[in-house]
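J.: Before anything else, here's the structure in question.
The values are calculated or read from the model by the stated rules, or taken from the named source; none is laboratory data. The structure displayed is predicted, hence computed values, not measured ones. As a convention, Cβ positions derive from the backbone with ideal geometry for all residues, glycine included, and neighbour counts pool all protein chains shown.
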Amino acid sequence: MESVVSTAYGAVRGVVDDGVHAFLGVPYAAPPVGVDRLRPPRPPVVWDGVRDARSPGPEPPQVAPPSTGGPPAGAEESWQDVGAAFEAVHRAPASSDYLNLNLWTPEPGRASLPVMVWIQGGMFELSSTAAYDGSRFARDGVVCVVINWRPGAEGFLYLDDGVADLGLLDQVAALRWVRENIASFGGDPANVTVFGESAGAMSIGCLLAMPAAAGLFRRAVLQSGAAHHVVETEQALGVAHDLARRMGVPPTREAIADAGVARMLVAQAELKQDLMAHPDPDRWGLPVVASLMPWQPVVDGDVLPGPPLARIAGGSARDVDVLVGTNADDWRLFLVLSGALPGITDEVLLGDVRSHGYQSLAAYGLDAALALGAYRDRYPQAVPGDLLAAVQTDWWMRIPAIRLADAHADDAPAGSTHMYEFAWAAPGLGSVHALEVPFVFDTARSDAPLFGPLLGPEPPQDLARTMHRAWVEFASTGDPGWPAYDTDHRSTCRFDTTCTVVDDPRAWERATWDGLR
């Protein structure tokens, strides 16, 4: 069956399967080409007739992810190459019309259903909607939208020329499209929840602080990402000038745009390889070396007027309900996939940042010797690689999430902040980064696109139903089903085969990182 819905820019034809209407590859902004390349998004071009929206649209230009390492011990039979899994879903047709979205709804028309807009992760370097199926949200009475946005240099090139954070502005443009058009698909434009993971959650941390995003959403869910990972203009300028040098063009927006997409992507890949091989903080800045993310949101004074966490503490997100959390072993995933975990030693952890980069504890603002002793006391059975994973999890995810929850709870109305921790451990991996995503979408199957290889042969379906339902309830009412977070109790729902609410489960981590970035 097919379904036709009219938008402000033209009609679209989707498909209907088991009562769910899907509209795929719908443009929310004009193609960013020609004079619009490396510029803020503009509204879509109006079309005549009915536009086909029955298959996914094209994806933004991006550098393919690096190949991954081998299987972790104990997971050989169930493990598949996650890099190959990414390639399997990353096959949308090449086109410039990539500022598009996918949408699932149970009832086009004016049903005034809750709306959830997903912003996917990818270290601000990858953007693909293909792995995310929103049909289960539609099945449960929610209009689900998944958006593409410009990553890498396309989205975060900063040249101090009045243009910044295009990837974030793309997300704002998508939310404006939702506000303008979602009623025709059965959604309530006054009840929109943004939710996202990793760089998607970090993007939401920025949206909570951006004047341009104010009023575009009522609730926000941040999964393994918060409001810390941004860079100052000096670091962003250094990266941009390095890119221009590799491209052989002047460091201007016009020259870089005129050189073309292919040339930029080659230079972008070379830059990332150079950063990994020569992690000099004096050259790149310590946050870039520690994160290995040369492309991040920039605190430019306009799009992002100030550091997101400070703005949230000052009231920028006072009217937004917030649900934030992490996975128990978040950053262990990357040490396993890269094959680096077994090679980490005490000498590496205590080594100089210029020699060991993100594997040095000093990269995270820590006194390396004191931190190694503290984490070894905390985790006496852990090998050095797992100690590094614990530090990285805290620096990347856990402490930023707690600080965001604290800042929001101290400023927003009582009951509008909630916190979770995902603790179910996949065989041979642990509770690693992105593992919660298929549970949130209720697509936790071993053969699921992209995420299936992480789950093992029999992921717990009761957990998927429980977590998915909590997200639906939060989007519908602002209450996911457990006590709100405040700085007296820090109530946290821990999702595992048995779900429990724990007060202040990460007190040691909070104390250890007190006063540090």
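J.: Counting just the residues of region 150-162 that are in a loop (DSSP other than H, G, I, E, B) and of a type in the set (A, V, I, L, M), which one comes out surrounded by the fewest Cβ atoms within 10 Å (Cβ to Cβ)?
T.: Taking the candidates together, the pick is Leu159.
J.: Give me a count of the residues in region 301-325 that are in a loop (DSSP other than H, G, I, E, B) and crowded, with 19+ Cβ neighbours inside 10 Å.
T.: 5
J.: Six or more apart or on different chains, Cβ under 8 Å: which pairs go from a residue in region 455-469 that's outside any helix (DSSP H, G or I) to one that's hydroxyl-bearing (Ser, Thr, Tyr)? Could you list them?
T.: That search, which allows pairs on different chains as well, returns Gly456/Ser78; Gly456/Ser446; Pro457/Ser78; Pro457/Ser446; Glu458/Ser446; Pro459/Ser446; Pro460/Thr497.
Residue by residue, here is whether (1) part of a helix (DSSP H, G or I); (2) of a type in the set (Phe, Trp, Tyr); (3) over 25 Å from Ala313 (Cβ atoms) holds:
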site: Arg376; (1), (2), (3): yes, no, yes
site: Asp410; (1), (2), (3): yes, no, no
site: Phe439; (1), (2), (3): yes, yes, yes
site: Ser446; (1), (2), (3): no, no, yes
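J.: Right, here's the next one. Out of the residues in region 214-249 that are of a type in the set (D, E, K, R) and farther than 21 Å from Ala269 by Cβ, state the one that is surrounded by the most Cβ atoms within 10 Å (Cβ to Cβ). Lay out the reasoning, then the answer.
T.: The first filter runs over region 214-249 and keeps only residues of a type in the set (D, E, K, R), leaving 218-219, 232, 234, 242, 245-246.
Among the residues that remain, those that are also farther than 21 Å from Ala269 by Cβ are: 218-219, 232, 234.
Details: Arg218: 19, Arg219: 22, Glu232: 14, Glu234: 9.
Checking each candidate, the answer is Arg219.
J.: Here is a follow-up. Wholly within region 1-54, which strands (runs of 3 or more DSSP E) include no fewer than the required count, namely at least 1 residues that are under 24 Å from Arg179 (Cβ atoms) and either of a type in the set (S, T, N, Q) or in contact with a Phe, Trp or Tyr (Cβ under 8 Å, 6 or more places away or on another chain) (or both)? Break it down into steps so the answer makes sense when it comes.
T.: Details: elements: 2-7, 10-17, 20-27, 50-52.
The strands (runs of 3 or more DSSP E) meeting that bar are 2-7, 10-17, 20-27.
J.: Same structure again: Which of the residues spanning region 229-244 are more than 22 Å from the chain's Cα centre (by Cα) and over 18 Å from Glu154 (Cβ atoms)?
T.: Scanning region 229-244 gives Glu234, Gly238.
J.: Shifting gears a bit: Please report, ordered by residue number, the helices (runs of 4 or more DSSP H) entirely within region 181-287 with at least 3 residues that are free of Cβ contacts under 8 Å to residues at least 12 places away in the same chain and among the charged types (D, E, K, R).
T.: In region 181-287, no matching helices (runs of 4 or more DSSP H) lie anywhere.
J.: Taking into account only those residues within region 485-500 that are without any contact (Cβ under 8 Å) to a residue 24 or more places away in the chain and assigned to a loop (DSSP other than H, G, I, E, B), which is surrounded by the most Cβ atoms within 10 Å (Cβ to Cβ)?
T.: Filtering region 485-500 for residues that are without any contact (Cβ under 8 Å) to a residue 24 or more places away in the chain and assigned to a loop (DSSP other than H, G, I, E, B), the one surrounded by the most Cβ atoms within 10 Å (Cβ to Cβ) comes out as His489.
J.: Residue under question is Ser135, and the condition is that it be surrounded by fewer than 24 Cβ atoms within 10 Å (Cβ to Cβ), of a type in the set (Ser, Thr, Tyr) and within 27 Å of Ala262 (Cβ to Cβ); does it hold? Give the derivation first.
T.: Numbers: surrounded by fewer than 24 Cβ atoms within 10 Å (Cβ to Cβ): yes; of a type in the set (Ser, Thr, Tyr): yes; within 27 Å of Ala262 (Cβ to Cβ): no.
For Ser135, the condition - surrounded by fewer than 24 Cβ atoms within 10 Å (Cβ to Cβ), of a type in the set (Ser, Thr, Tyr) and within 27 Å of Ala262 (Cβ to Cβ) - is not met.
J.: Scan region 336-356 and give yes if some residue there is assigned to a helix (DSSP H, G or I) and either in contact with a strand residue (DSSP E or B) (Cβ under 7 Å, 6 or more places away or on another chain) or at positive phi (or both), otherwise no.
T.: no
J.: Taking region 399-422 on its own, how many of its residues are farther than 16 Å from Ile204 by Cα and surrounded by 24 or more Cβ atoms within 10 Å (Cβ to Cβ)?
T.: Going through region 399-422 one residue at a time, the tally reaches 2.
J.: Can you tell me which residue among Asp165, Asp170 is modelled with pLDDT of 95 or more, in contact with a Lys or Arg (Cβ under 7 Å, 6 or more places away or on another chain), buried (at least 24 other Cβ atoms within 10 Å of the Cβ) and acidic (Asp, Glu)?
T.: Asp170
J.: Do we find that Val178 is of a type in the set (A, V, I, L, M), assigned to a helix (DSSP H, G or I) and surrounded by 24 or more Cβ atoms within 10 Å (Cβ to Cβ) in this structure?
T.: So Val178 fits the description; yes.
J.: Same structure again: Only one of (1) over 16 Å from Val172 (Cβ atoms); (2) buried (at least 24 other Cβ atoms within 10 Å of the Cβ) fails for Leu207. Which number is that?
T.: Going through (1) over 16 Å from Val172 (Cβ atoms); (2) buried (at least 24 other Cβ atoms within 10 Å of the Cβ) one by one, Leu207 breaks only (1).
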